[in-house]
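Engineer: Below is the structure I would like to discuss, written out as structure tokens.
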Protein chains: 2
Amino acid sequence: MSEPGSAAATPIASGTAQETASERLPLRERKKLRTRQALIDTALEMFTERGFDGTTLDQLCDAVEVSKRTFFRNFLSKEDVASAPTQDLWRVVLEELETCEPGGRTVLEMLRDTLLAALDQMTAEGWARRVLLSRRLAEATPSMNAHGLHFCDRTSRAVLAVLHSRFELGDPADLRPRLALDLVVSAFQQALDDWASRPGTPTRASLAADLREAFAAVPGALTLTAELRTDA
Amino acid sequence: MSEPGSAAATPIASGTAQETASERLPLRERKKLRTRQALIDTALEMFTERGFDGTTLDQLCDAVEVSKRTFFRNFLSKEDVASAPTQDLWRVVLEELETCEPGGRTVLEMLRDTLLAALDQMTAEGWARRVLLSRRLAEATPSMNAHGLHFCDRTSRAVLAVLHSRFELGDPADLRPRLALDLVVSAFQQALDDWASRPGTPTRASLAADLREAFAAVPGALTLTAELRTDA
DNA sequence: CAGCTAATGCCACTAAGTGGCAAAAATATG
DNA sequence: CATATTTTTGCCACTTAGTGGCATTAGCTG
């Protein structure tokens, strides 16, 4: 059980009041989650410090005191461990999408709001910092960028499947839903880039602001025109 | 000289009339191009036959009678060789973009027309078939899909750079150009998917038709709305 | 405490990708 | 035509990502 791809998707109903969502699990599960988190944190640190290619899996596993075999029971690849933070967000997006109501909005607006709602739920300690490191690594490392893009693509298709299963979108061969979705992804990526390249310590709130700004620019993209430069 | 990434970007001015663009090169260059093309063709064949992961580089190199070292002087990775056909198209898109005139069109229209113009230039024998095989492989092989997506991303940025250098697009932090570009990429991918999944033997002309259709759907993507399903 | 289950560690193995250097082929030069 | 020069190739050794098998350990259950 518990294949690498699917994170910890087995949260047991909580007993008391406030819990970090990982408490009250059987000891075994908690231990698993701890090593998983240790791998993510240490990987982000080491990759940032010595570079992605400059860090071997053996070094990472030594640092966390875990066998390489165990690493691959938790993650699909070396790239995978470093992109885990972003994957958390999209997993929640998918969950949100399962229960949201259209309420007269366009698909684009609905997806934007879902994304923002999911972002509001990323309350885990240090999440913003992890996403930041992850993003910067992706920019600097081709293979990580490729992996992230691939994940994005798979997630897009999953989102599209949920849209089609829950909503009436007419002809399944209609190209518009995927165009709208790719627009959402584009806005998200762009917001993330801007957010990550800003100096200082970005917060979840500032990411939300960047997201809103990116979405606001969408309508203008269609009518944008260009003039030949006169200078240079 | 001649790094793996940059294909044959050194076409010498032709002497006589009609030439396949690779003639009249020094013998050495022609030989290089021949082995390169042999690697591409054989790779597409073997990958399609026995699967991408079911074919080792050693097997491919044996079949073409070339050392593995030579393979890596021509291509960046195992994935790279199989996505060469698509890369050819985008290289021409970039060239076209260097000389095109805005002529009152929107950026979106200009990019669409450039893409169609580039497509018109893909006259190499069997190009359509190669793209078809390449695309189907990408759909079936995660690592190839990731590689293709990464290439797309890099190319997008290159296109964006050309746009900014040649045209007056206002604030460089403006988000609209990239949104427009990602829309173009989305339409392209979608057209390619539809084209490749159609039965029979797709042609360049039918790809052009799919492309026009995809672009026609763009404006509707913004205003698309959804109703909750009543069935199921 | 005994017995079961599942995660882990260890070992050996395949295959992608890289670097170095000598052999060979193509081109330029006398 | 022979030779010097430059470019390309082949070969070999090496690192590292990723996988499969099996014994061991640690958490769970009656």
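The values are calculated or read from the model by the stated rules, or taken from the named source; none is laboratory data. Please read these numbers as outputs of a predicted model, since none were measured by experiment. With ideal geometry, Cβ positions are generated from the backbone for all residues, glycine too; neighbour counts draw on all protein chains shown. Accessible surface areas use protein heavy atoms only, side chains included; no ligands, DNA or RNA. Shrake-Rupley method; radii C 1.70, N 1.55, O 1.52, S 1.80 Å.
Engineer: Suppose a student asked you for the relative contact order of the range B:23-76, using Cα pairs under 8 Å spaced at least 6 residues apart; what percent would you report?
Structural biologist: Computed over the range B:23-76, the figure is 30 percent.
Engineer: Which whole-Hz couplings ³J(HN,Hα) result when phi for each residue of the range B:69-86 is put into the Karplus expression 6.51 cos²θ - 1.76 cosθ + 1.60, θ = phi - 60°, listed in order with x for Gly and Pro?
Structural biologist: 4, 5, 3, 6, 7, 9, 9, 6, 6, 4, 5, 4, 4, 7, 9, 4, x, 5
Engineer: Further, regarding this structure: Among A:ALA140, A:ALA187, A:ALA196, which one shows the highest mean-square fluctuation when chain A is modelled as a Gaussian network with alpha-carbon springs under 10 Å?
Structural biologist: Highest fluctuation of the listed residues: A:ALA140.
Engineer: In the range A:83-217, if every C-alpha pair distance is counted and binned at 10 Å from zero, what percent goes to each bin?
Structural biologist: For the range A:83-217, the pair-distance distribution reads 11, 44, 34, 10, 1.
Engineer: For the range A:90-162, count all C-alpha to C-alpha pairs, find those more than 14 Å apart, and express that count as a whole percent of the total.
Structural biologist: Roughly 68 percent, rounded to a whole number.
Engineer: Once the Cα gyration tensor of the protein assembly as shown is found, what semi-axes does its equivalent ellipsoid get, as square roots of 5 times the eigenvalues, in whole Å, sorted largest first?
Structural biologist: Three semi-axes, in Å: 38, 30, 22.
Engineer: Considering Cα pairs under 8 angstrom that are at least six residues apart, work out the relative contact order of chain A and quote it in whole percent.
Structural biologist: 17
Engineer: Per DSSP H run of n ≥ 4, the term is -39500 (n - 2.57); total these for the protein assembly as shown, divide by its residue number, and report the mean residue ellipticity at 222 nm rounded to 500 deg cm²/dmol.
Structural biologist: After summing the helix terms and dividing by the residues of the protein assembly as shown, the value is -21500 deg cm²/dmol.
Engineer: Provide, as a two-decimal number, the C-alpha radius of gyration of the range B:24-121 over 2.2 N^0.38 Å, N being how many residues it has.
Structural biologist: Here the answer is 1.39, to two decimals.
Engineer: Tabulate in residue order the Karplus-calculated ³J(HN,Hα) for the range A:30-46, using 6.51 cos²θ - 1.76 cosθ + 1.60 with θ = phi - 60°, rounded to whole Hz; enter x for Gly and Pro.
Structural biologist: For the range A:30-46, the Karplus curve yields 4, 4, 4, 4, 5, 5, 4, 5, 4, 4, 4, 4, 5, 4, 4, 5, 5 Hz.
Engineer: Now, a different point. Of the options B:THR201, B:ALA187, B:LEU108, report the single residue whose Cα projects farthest towards the positive end of the charge dipole of the range B:97-208 (beta-carbon charges: Lys, Arg +1; Asp, Glu -1).
Structural biologist: Checked the options; the winner is B:THR201.
Engineer: When Cβ neighbours within 10 Å are restricted to other protein chains, what is their mean count per residue of peptide A:145-157?
Structural biologist: Mean inter-chain Cβ contacts per residue within 10 Å come to 4.
Engineer: List the distances, in nm and shortest first, from the label point of A:GLY104 to the matching label points in every other copy, placing each point 7 Å from Cα along the Cα-to-Cβ direction.
Structural biologist: 4.0
Engineer: With just the Cα atoms defining each centre, how far is the range B:167-232 from the range A:47-121? Give it in Å.
Structural biologist: 27
Engineer: Using a Gaussian network model of chain A whose springs link C-alpha atoms within less than 10 Å, name the residue from A:SER206, A:SER83, A:SER134 with the highest mean-square fluctuation.
Structural biologist: A:SER206
Engineer: For the range A:23-77, what is the convex hull volume of the alpha-carbon atoms per residue, in Å³?
Structural biologist: Output value, Cα hull per residue: 76 Å³.
Engineer: Moving to a separate point now. If each label sits 7 angstrom from Cα along the C-beta direction, how far apart, in nm, is B:GLU213 from its counterparts in the other copies?
Structural biologist: For B:GLU213, the other copies' label points sit at 4.0 nm, shortest first.
Engineer: Using θ = phi - 60° and the Karplus curve 6.51 cos²θ - 1.76 cosθ + 1.60, what whole-Hz ³J(HN,Hα) does each residue of the range B:181-196 get, with Gly and Pro shown as x?
Structural biologist: Along the range B:181-196, the couplings run 5, 5, 5, 4, 4, 4, 4, 4, 4, 5, 4, 5, 4, 4, 4, 6 Hz.
Engineer: Given a 1.4 Å probe, how much area per residue of the protein assembly as shown is accessible, in Å²?
Structural biologist: 52
Engineer: On a 30 Å Cα-Cα criterion, which of the cross-link pairs A:LYS78/B:LYS32; B:LYS31/B:LYS78; A:LYS32/A:LYS78; B:LYS32/B:LYS78; A:LYS31/B:LYS78 come out too long?
Structural biologist: Check vs 30 Å cut-off fails for A:LYS78/B:LYS32; A:LYS31/B:LYS78.
Engineer: State, to one decimal in nm and shortest first, how far the label point of A:PRO26 sits from each corresponding label point in the other identical copies (label point: 7 angstrom along Cα-to-Cβ).
Structural biologist: The answer, with the shortest distance listed first, is 7.0 nm.
Engineer: Related question: GNM on chain A, C-alpha springs below 10 Å: top fluctuator among A:ALA82, A:ALA124, A:ALA205?
Structural biologist: Ranking A:ALA82, A:ALA124, A:ALA205 by mean-square fluctuation puts A:ALA124 first.
Engineer: Take the alpha carbon gyration tensor of the range A:156-232, find the square roots of its eigenvalues, order them as a ≥ b ≥ c, and report rounded if a/c is under 1.5; if not, report prolate when a/b exceeds b/c, else oblate.
Structural biologist: Because a/c hits 1.5 or more and a/b fails to exceed b/c, the range A:156-232 counts as oblate.
Engineer: Could I ask something else about it? State the percentage of accessible surface on the protein assembly as shown attributable to carbon and sulfur atoms; use a 1.4 Å probe and exclude ligands, DNA and RNA.
Structural biologist: 52
Engineer: Tell me which of A:GLN37, A:THR48, A:LEU27 sits at the most positive position along the dipole axis of the range A:23-77, charges placed on C-beta atoms (Lys, Arg +1; Asp, Glu -1).
Structural biologist: The listed residue farthest towards the positive side: A:LEU27.
Engineer: Among B:VAL93, B:VAL162, B:ALA63, flag the residue with its Cα farthest along the positive direction of the charge dipole of chain B, charges on Cβ as +1 for Lys/Arg and -1 for Asp/Glu.
Structural biologist: B:ALA63
Engineer: Rounded to the nearest 20 debye, what is the charge dipole size of the protein assembly as shown about its Cα centre when +1 sits on each Lys and Arg Cβ and -1 on each Asp and Glu Cβ?
Structural biologist: I would put it at about 1160 debye.
Engineer: Under the 0.36 nm per residue contour assumption, what length would be gained going from the current alpha-carbon distance of B:GLU98 and B:ASP171 to full extension?
Structural biologist: Fully extending the segment from B:GLU98 to B:ASP171 adds 24.2 nm.
Engineer: Using protein heavy atoms only (no ligands, DNA or RNA), what is the total accessible area buried between B and A, 1.4 Å probe, nearest 100 Å²?
Structural biologist: Counting both chains, the buried surface is close to 4600 Å².
Engineer: Largest first and to the nearest Å, give the Cα extent of chain A along each principal axis.
Structural biologist: Extents along the principal axes, in whole Å: 57, 53, 34.
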